[in-house]
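Beneath this line is the structure, given in structure tokens, with notes to follow.
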Amino acid sequence: YKRFTDPIEATMYAAGSGWDYTFTNAGYANTFGAEIEVRKSFAGWSRKTGVLRALRDLTLVFNATYINSRVVMPGASANESDRPMQGQSPFIINAGLFYQNDSIGLSAGLMYNVVGKRIAYIGNAVDPHTWEMPRQLLDFTISKKLGKWLAVKASINDILNQAVVFKQTETFLKDTDQDGVAEEARRDQVIRSYRPGTYVTLGVSCTF
């Protein structure tokens, strides 16, 4: 649990035909959450036979975090107050599967990460907040020793190459019948989207 006084948050506001970005202080904020981590080594399976014995060099790691954050700004509009902190995700999940075999000098790892929807920029009573949408990351690394001094290592970062997407949820009045009666409706609109690309590296190291 944490309590923040005057937390600093990234903020956007309309300026002419575009947007200006700055930092502002919120009133105060409270966050609380929980984290769980699980590690499982299969080294004890060395006595098993067949496929199960082949898993003895594997280690599985899992980590999950839940965070509830609320910002309070006395006197502000409902859009500006009683919301999550800017940049704070409601959940974070990490998982990894690692292989380590010292007898043949081979190690490898497959890592997964996803972060929940979070506010990228604070809006105001007129302009909605900008949200960064969840994006799944998958990385792979492998390393092999060649003799006593040499080692080759390769990695592939962001294998899935999912788009980084920023959205705003716009609220507007929508006509429902011919009498001119309108009701409040919402729609999500993408304001920015791009793919950072998959990154591949290959290296050779010498230790002596």
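The values are calculated or read from the model by the stated rules, or taken from the named source; none is laboratory data. Bear in mind that the values here come from a model prediction, so they are computed numbers and not experimental data. Cβ: placed from backbone, ideal geometry, glycine included. Neighbour counts: every protein chain shown. Heads up: the accessible areas ignore ligands, DNA and RNA and are worked out on the full protein's heavy atoms, side chains in. Shrake-Rupley method; radii C 1.70, N 1.55, O 1.52, S 1.80 Å.
A few remarks follow.
- From most to least packed by mean Cβ count within 10 Å, the peptides 68-74, 48-54 give 68-74, 48-54.
- If the Kirkwood radius is taken over C-alpha pairs of the chain, then at 20 °C and 1.002 mPa s the Stokes-Einstein diffusion coefficient equals 101 µm²/s.
- Which listed pairs, of 48/145; 2/153; 40/167; 40/144; 2/174; 117/153, have C-alpha distances above 31 Å, in listed order: 2/153; 40/167; 2/174; 117/153
- When the Cα positions of 204, 91, 134 are compared along the charge dipole of the chain, 204 comes out farthest toward the positive end, with charges on each C-beta of Lys, Arg, Asp and Glu.
- Accessible surface of region 32-109 [probe 1.4 Å, protein heavy atoms]: carbon and sulfur percent: 60 percent
- Accessible surface calculations at 1.4 Å, restricted to protein heavy atoms, place region 135-174 at 61 Å² per residue.
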